[in-house]
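Worksheet for the structure shown next.
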Amino acid sequence: MKKKFLEYLENNYNSFSNGYKKIIKFIKYNQNRLPFVNIKELAEETGTSPATITRFVKDTGFKGYTDFQKLFQRDVEDRSAPMKKLKSSIQEQKNDNILKTVIEKNIEILNEIDVDAVETKLDEAAEIIKNARKIYILGARGSYPLAHYLYYMLKELRDGIELLISGSSDFTDKLLHSQEDDVLVTISFYPYTNFSYQVIEYFAENKNKIITITDKEDSSLAMLSNLVITGENGGKAHTIIPAIAILNALSLKLGIINKVETLEKLEKVDKITTKFNIYREN
C-alpha cells in the first residue's frame, strides 16, 4: 500500500498545490521520521499549517493524520526488529556455541531465500550490466564492505568499474564523466543513508539504469531503481551472508556470459601476480 501511495504522489506531483508539494517533498525524504512527527511539527518543518496537512491526508485517502502515520509505522517497526533481535541475542546468549548458533541461523536464512525469484532478477541484472559502458558501484556505511567486495570481483572480470565512496573527494569527478549508457549498482540495507539516496537520484535524473540490492521492495531507494533484488540482512541473525551469496552469484553469471573474455582476463591477472611475486607460496 505504501509503495502505491508514494507512486501516486510521484505521478501526480505537478497537479498538487504548492502547499501539498511541500508536504510531498518532506514525505519523499523523511519516510522514517513520519511516525514520530506530530501534525504541528510537520507543519513547521514544511512551512504549511495543520489545516493544510489535514486536508492533504484526507484528499489522498486517509481518515486523518493518525491513519496516515500508520502507513509508515509498520515499516519502521519491521526495520527496527533486526537490531532488537541482535540486542536480545547479546543479552540472552551465553558465551558458548556462538559460532554453531550463528552458522545454523545463517543456514536457515539462506534456505528461506526465494531462489527462483532472485535467480530471475540476477539474470536481468547480468544482462543490464553486460551492455553497460561503465558500472558504478555504491554502498555507504554498513553496506560499504559489500560494495567494495563486488567492486573487487567485477574489476577482475571487466574494465570500466568505479567504486563510489561517501566522503571521497573524487566521487564528484567520477559522476562528471558518467554517461547515459552507464549502470549504477547500489547495495544498501536499512538504515539507508542520504548519500546513497542522493547518488541514486542523480543517476535516475540522468536516465541511467539502476540496480539496487536491498532489503525492502518499497524502500525510498528501490522506488528510484529499475531493478530491485532483495535479500535478508537481519532478523534471525544480523548477517551479510545472504548478500554475499547474491553478489557471488551475480559475479559468476557475468563471468559466464563473457566466458572467453573473462578467462583471458583472469589468465592475465595470474601472469601479472606471478611476475611481481604478489603472493607467498606458504
* Among Glu119, Glu267, Glu162, which one moves the most in a GNM of the chain with springs linking Cα atoms closer than 10 Å? -> Glu267
* Structure fact -> Using alpha-carbon positions, the gyration tensor of segment 136-205 gives root eigenvalues a ≥ b ≥ c; with a/c under 1.5 called rounded, otherwise prolate if a/b exceeds b/c, else oblate, the class is oblate
* Find out how many positive minus negative residues lie around Ala147, taking Lys and Arg as positive, Asp and Glu as negative, among other residues whose Cβ is under 13 Å from that of Ala147. => +1
* Asked: Relative to the first principal axis of the alpha-carbon coordinates of the chain, what is the inclination of helix 241-257, with its axis defined by its Cα atoms, in degrees from 0 to 90 and to the nearest 10?
  -> 60 degrees
* Read-out Rg/Rh (Cα atoms, Kirkwood Rh), derived from the coordinates shown; its label in [x] 0.96; [y] 1.03; [z] 1.00 -> [y]
* Asked: Among Asp159, Asp218, Asp182, whose mean-square fluctuation peaks in a Gaussian network model of the chain (Cα, cutoff 10 Å)?
  -> Asp159
* To do: State, to one decimal in nm, how far the label point of Met1 lies from the label point of Thr172, with both points 7 Å from Cα in the Cβ direction.
  => 4.3 nm
* Name the residues whose placed amide hydrogens come within less than 5 Å of the amide hydrogen of Lys209, ignoring near sequence neighbours (fewer than 5 apart) on the same chain. => Leu184
* Can you tell me how much longer the chain between Leu99 and Gln179 gets when fully stretched, taken as 0.36 nm per residue apart minus their C-alpha distance, in nm with one decimal? => 24.2 nm
* Asked: How would you rank 131-144, 102-115, highest first, on the average number of other Cβ atoms within 10 Å across their residues?
  -> 131-144, 102-115
* Highest GNM mean-square fluctuation, the chain, Cα pairs closer than 10 Å: which of Lys100, Lys216, Lys22? -> Lys100
* When only Cα pairs under 8 Å and 6 or more residues apart are kept, what is the percent relative contact order across the chain? -> 17 percent
* **Mean-position separation - Cα centroids, segment 88-160 and segment 255-272, in angstrom** => 23 Å
* Where does each of 1-7, 209-215 land if you order them by average Cβ count within 10 Å, highest first? -> 209-215, 1-7
* Asked: Residues of segment 128-165 with amide nitrogen under 15 Å from the 7 Å Cα-to-Cβ point of Ile272?
  -> 152-162
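Computed from the coordinates by the stated procedures, all read-outs in this text should not be read as laboratory data. This structure is a prediction, so every number in the text was calculated from the model and none was measured. Cβ coordinates were reconstructed from backbone atoms using ideal geometry, including for glycine residues, and neighbour counts include every protein chain displayed.
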